[in-house]
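> To start, I am sharing the structure in question, which I have written as structure tokens.
The values are calculated or read from the model by the stated rules, or taken from the named source; none is laboratory data. As the structure is a computational prediction, the values presented were derived from the model and not from experiment. With ideal geometry, Cβ positions are generated from the backbone for all residues, glycine too; neighbour counts draw on all protein chains shown. Only protein heavy atoms, including side chains, enter the accessible area calculation; ligands, DNA and RNA are left aside. Shrake-Rupley method; radii C 1.70, N 1.55, O 1.52, S 1.80 Å.
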Amino acid sequence: MYLSTSPSSSFVRASSSTSAVSRILFSFSRQIQPARFFATTYRSIRCSVPRWSNYGVNRRFPISLKAQIRTASQVVERNVATMDKLPFSIRILLESAIRNCDNFHVTKDDVEKILDWENTAPKQVEIPFKPARVLLQDFTGVPSVVDLASMRDAMKELGSDPDKINPMVPVDLVIDHSVQVDVARSENALQANMDIEFKRNKERFAFLRWGSTAFRNMLVVPPGSGIVHQVNLEYLGCVVFNSDGVLYPDSLVGTDSHTTMIDGLGVAGWGVGGIEAEATMLGQSMSMVLPGVVGFRMTGKLHDGVTATDLVLTVTQMLRKHGVVGKFVEFYGPGLASLSLADRATIANMSPEYGATMGFFPVDHMTLQYLRLTGRSEETITMIEEYLRANKMFVDYNEPQEERVYSSYLELELADVEPCVSGPKRPNDRVPLKDMKADWHACLDNKQGFKGFAVPKEEQDKVAKFTFHGLPAELKHGSVVIAAITSCTNTSNPNVMLGAGLVAKKACELGLEVKPWIKTSLAPGSGAVTKYLHKSGLEKYLNQQGFNLVGYGCTTCIGNSGDLDESVASAITDNDIVAAAVLSGNRNFEGRVHPLTRANYLASPLLVVAYALAGTVDIDFEKEPVGIGKDGRSVYLKDIWPSNKEIAEVVQSSVLPEMFKSTYEAITQGNPFWNQLSVPSSSIYAWDPNSTYIHQPPYFKGMSMDPPGPHGVKDAFCLLNFGDSITTDHISPAGSIHKDSPAAKYLMEHGVQRRDFNSYGSRRGNDEVMTRGTFANIRIVNKLLNGEVGPKTIHIPTGEKLYVYDAAMRYKSEGHDTIVVAGAEYGSGSSRDWAAKGPMLLGVKAVIAKSFERIHRSNLVGMGLIPLSFKHGEDAETLGLTGHECYTIDLPQKISDIRPGQDVAVTTDSGKSFICTLRFDTEVELTYFEHGGILPYVIRNLTKQ
């Protein structure tokens, strides 16, 4: 049974507008029967830290809360056995459907589909979902606010009320993606990088501050506060949400793929495209396929010396092999009792890397313990536990466990997990630490690919000697030039952060020192980390090894690693060195971390320090010393590695609830830079035509109330022909702006000096820059270039080699449509809306791929592009397609004649033809296609209201 708690007045208000509150929703008969109610009493509830009472919004828990609890009696009771066997993650979808059921956006049939999940999920049925809130970071948040501002202009042009464009669910936007590691290995690095961040991004930040006042229900967390997912975990996450006194499970979607980190707290959340998130903000139900759920059972305990990072890399490899794309993964079993909440959050965080929509951990006593640790009040924790127990959504391992039904099952004995890293180019390419040296040499030998650099044997021992600030220095293949403790994946975990501090301490005591030309950095996800590192006394040892605090943000993990020293950069490029980066992040795709580090390894913070000390990834830590100590003796990894007991003792004495309370009380006040930004009062944004950061996008120009209808593609040229695993890092503009690129040319034409280019991510609010940066990754491999790597393509009619942007503009000027041909896992990686917006603005009409990453396919649909999948066993190679053909895609002219997942014929001018699967997966997606995308659909709907 599902119980929703509310004070009497709020209950009456809710029941008048939401049938889910006042009616039985599971009735098998056509007549929906009145619900029975019973009451209970809760104690006073109040948020331990008021959530964002500043900036015009107050979302505190009410001071007191009397409960009335409703139950949908007859059919619920009849199906209680079925419900009890549902995975916890599916129960959250069910509760949301019940609560939001109005027989319009959410129908009784939708509720019954979810209730019958075991039978309906294999049929790929469509359901609506209304999350409780939306989470944004600034890289995706800026274009979202730009789109909302532009939608207000469109509403005004159509003669409607622009103020209809307002978030209808709470929106939290955390500014965390802008800080770069410009200054490192310095005591003043934090302040220096923050100063540079505000100078670089003043215009963007002012725009976001305008958005926080112009749009209702939008909360902006200022820069310098922390990483979005760690702030969400430690502060924003409610577990049980309170809306006007009605209690229900917290849930969210976010415009960052690692939104899934909150799943470790028992809160259902996952990443969606920015376009889909904007529609959710505006009250649209999310349309999704009811997912299968993989049950992942854990037993036993991790061995001493094995970290949560080792565990998550192992889990990622297992789940990638099993195949979990589009599915939920739900973790259970006796092994969970030994996993801290932070360990669980680490596993949940990397859901995108193993391909799942969610990696969900149900709420149990460990969850409540974490809520206490992070400063939530006892009254709030009591309310959460009582509410979830009443709804059978709490796991108590002291009680008999109901056997739940899953779509498939996996099991891991935690004692089998061993220390490891992942790389050099993908997070799912796990390498046991004991095999790392052999794997590295295999990578040097192997042909170019995910596990190969094709370095000739005679070149593998090359030494590049250079001078670093007057000191003799040298680099070899595998030399570490970046070592970064970064990313929400690990910096939210006190065990591995304090463990890294202990490694640094032992190394200092034994006389080891990181070489000065290695760019080391520490970028935690919240101020609480700094507090417990300081209290533990370990901060000074990290500083001694060069891991000074550089900022509170994503930094190196998203490519904001800053420049390498010129002498280091020259040594790499002049000698063609395969340099390495080691980071405690979640992504290591080629070209992402830094343009000059071709080998990038994911590792625990402890191993990041160890590899920095060693100075190379070409090492066998079991047999070779990390370095030579002050007494001339060899120091091995085992000599500086802390035991689990040592780490636990430091965590116990150093990580305190007051640290989290004081951290989040402080950030609600903003900071001097943020508070001094001037904000216009108008609800309509005044676009500056000369701005190179914020620009009015062209999506709604000339829009009318009549949808354009469906369209096929006729005689389209292939703009790009890709192989497998093209990521959003390849597609979407990311990282630094190359000096010779079309985006650089545009910026210089608008008076921007090269030193002020900033990153692509910081300019996501300007479509002119972003369109020019689409497919601009310097490591992208386009088959039309016959082996050449880089952001160019062939203009098929002339055979001319051009930048992708220039070729696309040539095709548009000639009146030609274009398509993209790709292999498997197209669009994997971060949930970047520009990976769909950019191709659309380049004139791409369709993408034909072996398979799509879930969020990216949704983004393509949201922008009105046609996603098509080759039939099983087929791809461009097997069909003999070279990309030099012209392609015609036949689609009916009436939307009513198109079905989700139907077969579509594709013909070419070479005489080859083949059948593809149309990857509009739901009827709602077909509606978006008819309207030219999700945002035009929303505008037309709101205009009619």
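> Is it true that some residue in the stretch 764-784 is closer than 17 Å to Val821 by Cβ and in contact with an Asp or Glu (Cβ under 7 Å, 6 or more places away or on another chain)?
no
> Still on this structure, I have one more. In this structure, is Gly359 closer than 24 Å to His856 by Cβ and in contact with a Ser or Thr (Cβ under 8 Å, 6 or more places away or on another chain)?
Yes; evaluated as a whole, the condition is true for this residue.
> Assuming Glu509 fulfils every condition listed in (1) touching a helix residue (DSSP H, G or I) at 6+ places or on another chain (Cβ under 8 Å); (2) open to solvent by 10 Å² or more (accessible area, probe 1.4 Å) apart from one, which condition is it?
Result: Glu509 passes all but (1).
> Related question: Which number in (1) more than 23 Å from Leu502 (Cβ to Cβ); (2) open to solvent by 10 Å² or more (accessible area, probe 1.4 Å) marks the one condition that Lys515 misses?
(1)
> If you don't mind, there's one more thing I want to ask. Give me a count of the residues in the stretch 503-540 that are within 24 Å of Gln230 (Cβ to Cβ), touching a Ser or Thr at 6+ places or on another chain (Cβ under 9 Å), outside any strand (DSSP E or B) and aliphatic (A, V, I, L, M).
Residues meeting the conditions: 5.
> Pairs under 8 Å by beta carbon, first residue in contact (Cβ under 8 Å) with a residue 40 or more places away in the chain in the stretch 122-138, partner open to solvent by 10 Å² or more (accessible area, probe 1.4 Å) and acidic (Asp, Glu), six or more apart or different chains?
Listed by first residue and then by second, the contacts come to Gln124/Asp921; Glu126/Asp921; Glu126/Glu923; Ile127/Asp110; Pro128/Asp110; Leu135/Asp256; Leu136/Asp256; Gln137/Asp256.
> Within the stretch 637-655, which residues are surrounded by fewer than 20 Cβ atoms within 10 Å (Cβ to Cβ) and closer than 15 Å to Glu513 by Cα?
Asp639
> While we're looking at this one, here's another question. Run down Gly264, Gly211 and say which single residue is in a helix (DSSP H, G or I), modelled with pLDDT of 90 or more, out of contact with any Ser or Thr (no Cβ under 8 Å at 6 or more places or on another chain) and open to solvent by less than 10 Å² (accessible area, probe 1.4 Å).
After ruling out the rest, the residue left standing is Gly211.
> While we're here: Considering only the stretch 405-424, state which residues are in contact with a strand residue (DSSP E or B) (Cβ under 7 Å, 6 or more places away or on another chain) and either under 16 Å from Leu583 (Cβ atoms) or of a type in the set (Val, Ile, Thr) (or both).
Those that are in contact with a strand residue (DSSP E or B) (Cβ under 7 Å, 6 or more places away or on another chain) and either under 16 Å from Leu583 (Cβ atoms) or of a type in the set (Val, Ile, Thr) (or both): Cys420, Val421, Ser422, Gly423, Pro424.
The rows are residues; the columns are (1) over 26 Å from the mean Cα position of the chain (by Cα); (2) in the same structural domain as Ser561 (by the TED database); (3) at pLDDT 95 or above.
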position: Asn398; (1), (2), (3): yes, no, no
position: Pro424; (1), (2), (3): no, yes, yes
position: Ala442; (1), (2), (3): yes, yes, yes
position: Asp445; (1), (2), (3): yes, yes, yes
position: Glu474; (1), (2), (3): yes, yes, yes
position: Gly478; (1), (2), (3): yes, yes, yes
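> Can you name the strands (runs of 3 or more DSSP E) wholly within the stretch 413-498 that have at least 3 residues being open to solvent by 30 Å² or more (accessible area, probe 1.4 Å) and of a type outside the set (Asp, Glu)?
In the stretch 413-498, 463-468, 471-476 are the strands (runs of 3 or more DSSP E) which contain 3 or more residues that are open to solvent by 30 Å² or more (accessible area, probe 1.4 Å) and of a type outside the set (Asp, Glu).
> I've got another one for you. Is it the case that the stretch 870-879 has a residue that's touching a helix residue (DSSP H, G or I) at 6+ places or on another chain (Cβ under 7 Å) and in contact (Cβ under 8 Å) with a residue 24 or more places away in the chain?
Among the residues of the stretch 870-879, not one is touching a helix residue (DSSP H, G or I) at 6+ places or on another chain (Cβ under 7 Å) and in contact (Cβ under 8 Å) with a residue 24 or more places away in the chain, which makes the answer no.
> Please list, ordered by first then second residue, the pairs with beta carbon atoms under 8 Å, 6 or more apart or interchain, first in the stretch 751-764 and in contact (Cβ under 8 Å) with a residue 40 or more places away in the chain, second among the basic types (Lys, Arg) and surrounded by 22 or more Cβ atoms within 10 Å (Cβ to Cβ).
Ser762/Arg204
> Separate question: So which of Val221, Val272, Val246, Val231 ends up being closer than 14 Å to Arg133 by Cα and not assigned by the TED database to the domain that holds Glu853?
Only one candidate qualifies: Val272.
> Which of the residues belonging to the stretch 797-842 are open to solvent by less than 10 Å² (accessible area, probe 1.4 Å), assigned to a loop (DSSP other than H, G, I, E, B) and closer than 21 Å to Leu881 by Cβ?
Result: Ala822, Gly823, Gly827.
> Still on this structure: Looking only at helices (runs of 4 or more DSSP H) that fall completely inside the stretch 329-388, which ones have 1 or more residues that are open to solvent by 10 Å² or more (accessible area, probe 1.4 Å) and either without any contact (Cβ under 8 Å) to a residue 60 or more places away in the chain or under 24 Å from Glu402 (Cβ atoms) (or both)?
Because the criterion is at least 1 residues that are open to solvent by 10 Å² or more (accessible area, probe 1.4 Å) and either without any contact (Cβ under 8 Å) to a residue 60 or more places away in the chain or under 24 Å from Glu402 (Cβ atoms) (or both), the helices (runs of 4 or more DSSP H) in the stretch 329-388 that meet it are 365-373.
> How about the stretch 910-937: which of its residues are of a type in the set (Asp, Glu), buried (at least 17 other Cβ atoms within 10 Å of the Cβ) and more than 25 Å from the chain's Cα centre (by Cα)?
If the condition is that a residue be of a type in the set (Asp, Glu), buried (at least 17 other Cβ atoms within 10 Å of the Cβ) and more than 25 Å from the chain's Cα centre (by Cα), then Glu930 is the only one that fits.
> Looking at the stretch 393-412, which of the residues that are part of a loop (DSSP other than H, G, I, E, B) and among the hydroxyl-bearing types (Ser, Thr, Tyr) is nearest to Thr299 (Cα to Cα)?
For the stretch 393-412, the residue satisfying everything is Tyr397.
> Those residues that are closer than 17 Å to Lys739 by Cβ and among the small types (Gly, Ala, Ser), I need them from the stretch 768-810; list them, please.
The answer is Gly773, Ala776, Gly790.
> What do you reckon, is Arg779 touching a strand residue (DSSP E or B) at 6+ places or on another chain (Cβ under 9 Å), in contact (Cβ under 8 Å) with a residue 12 or more places away in the chain and not in a helix (DSSP H, G or I)?
Yes; evaluated as a whole, the condition is true for this residue.
> Looking only at the stretch 389-400, which residues are touching a residue at least 24 places away in the same chain (Cβ under 8 Å) and open to solvent by 30 Å² or more (accessible area, probe 1.4 Å)?
Matches in the stretch 389-400: Ala390, Lys392, Tyr397.
> Please report, ordered by residue number, the strands (runs of 3 or more DSSP E) entirely within the stretch 84-178 with at least 2 residues that are within 21 Å of the chain's Cα centre (by Cα) and either closer than 30 Å to Gly765 by Cβ or of a type in the set (Val, Ile, Thr) (or both).
133-137, 171-174
> Here's a follow-up. Could you run through the stretch 198-207 and say how many residues are farther than 16 Å from Arg152 by Cβ and open to solvent by less than 10 Å² (accessible area, probe 1.4 Å)?
Going through the stretch 198-207 one residue at a time, the tally reaches 3.
> What's the number of the only condition in (1) open to solvent by 20 Å² or more (accessible area, probe 1.4 Å); (2) farther than 17 Å from Val503 by Cα; (3) hydroxyl-bearing (Ser, Thr, Tyr) that Ser634 fails to meet?
Evaluating Ser634 over (1) open to solvent by 20 Å² or more (accessible area, probe 1.4 Å); (2) farther than 17 Å from Val503 by Cα; (3) hydroxyl-bearing (Ser, Thr, Tyr) leaves (2) as the failure.
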